[in-house]
1. Just to check your reading of the model, which residue among 15, 28 is out of contact with any helix residue (DSSP H, G or I) (no Cβ under 8 Å at 6 or more places or on another chain) and under 16 Å from residue 117 (Cβ atoms)?
2. Could you please find all residues in segment 241-263 being over 20 Å from residue 150 (Cα atoms) and assigned to a helix (DSSP H, G or I)?
3. Looking at 36, 76, 20, 12, can you tell me which residue is within 30 Å of residue 198 (Cβ to Cβ), over 24 Å from the mean Cα position of the chain (by Cα) and buried (at least 17 other Cβ atoms within 10 Å of the Cβ)?
4. Do we find that residue 205 is crowded, with 16+ Cβ neighbours inside 10 Å, touching a residue at least 40 places away in the same chain (Cβ under 8 Å) and either within 26 Å of residue 43 (Cβ to Cβ) or touching a strand residue (DSSP E or B) at 6+ places or on another chain (Cβ under 8 Å) (or both) in this structure?
5. Might you let me know whether segment 232-243 holds any residue that is surrounded by fewer than 15 Cβ atoms within 10 Å (Cβ to Cβ) and farther than 23 Å from residue 133 by Cβ?
6. Do the conditions hold for residue 41, that is, is it touching a strand residue (DSSP E or B) at 6+ places or on another chain (Cβ under 8 Å) and either assigned by TED's automatic domain parsing to the domain that holds residue 99 or surrounded by fewer than 18 Cβ atoms within 10 Å (Cβ to Cβ) (or both)?
7. Pull out all pairs, ordered by first then second residue, where Cβ-Cβ is under 7 Å, the residues are six or more apart or on different chains, the first lies in segment 189-201 and is touching a residue at least 24 places away in the same chain (Cβ under 8 Å), and the second is surrounded by 13 or more Cβ atoms within 10 Å (Cβ to Cβ) and in a helix (DSSP H, G or I).
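The values are calculated or read from the model by the stated rules, or taken from the named source; none is laboratory data. All values derive from a computational prediction rather than experimental measurement. Reconstructed Cβ throughout: ideal geometry from the backbone, glycine too, with neighbour counts over all protein chains shown.
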């Protein structure tokens, strides 16, 4: 007999639904009222699963006992997390930051916490305006992108094709941190980047613009960096206007005459 009612995304197969029902029923029998929620992530949560994909699921408890039985197999990767842990937001650059995107667009199959689980999942994958400023300025992601892009443009100007391409490729993670931070979102894992851009567009960076720019940058097309600079500068103008400061535009202007390399 099924103990817990779950809300499934429509794309989930019957086999994977049954697997998750087993997880929920086991958690209910083991933890009772302390069992607060179930969150589906990974490829299965986003409708991208293949026959080789396992099911990544977080069991959310009021508190996690010292010893807790979970399941890990080729079909299932089950983690157990307390609500307090889920509500804690690792800062950029910390060990936990990398895991925050795992909650982006992750279906909440069960929330018995009065909405706290759902809100915590949303916050994990979101970047507040204050966090965005910190990532862009204090952690130098905007200036870092400008630095690598500038070095690439210099090498291209001086006839160093390999050096130009290497710096252009190095600039891409800094660029993506900049784009997604301004958008109020955690940068996705590379595997999910095209999917996110198509399914959850970033304002000012449509998939059919950004993905070709990334490809051309990686392929060593010097014009791609010039085009990207124009879009980054515009995004920074809008970000600063919304925030009521000039932090990112001041960072760009600080490069002075060197910016001509992005205009010629």
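1. After ruling out the rest, the residue left standing is 28.
2. Scanning segment 241-263 gives 241, 242, 243.
3. Answer to the check: 20.
4. no
5. The answer is no; no qualifying residue exists.
6. Here the answer is yes, as residue 41 does meet what is asked.
7. 189/101
Results for (1) outside the structural domain of residue 27 (by TED's automatic domain parsing); (2) assigned to a helix (DSSP H, G or I), shown as yes or no for each residue.
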residue	(1), (2)
84	no, yes
93	no, no
109	no, no
113	no, no
133	yes, yes
144	yes, yes
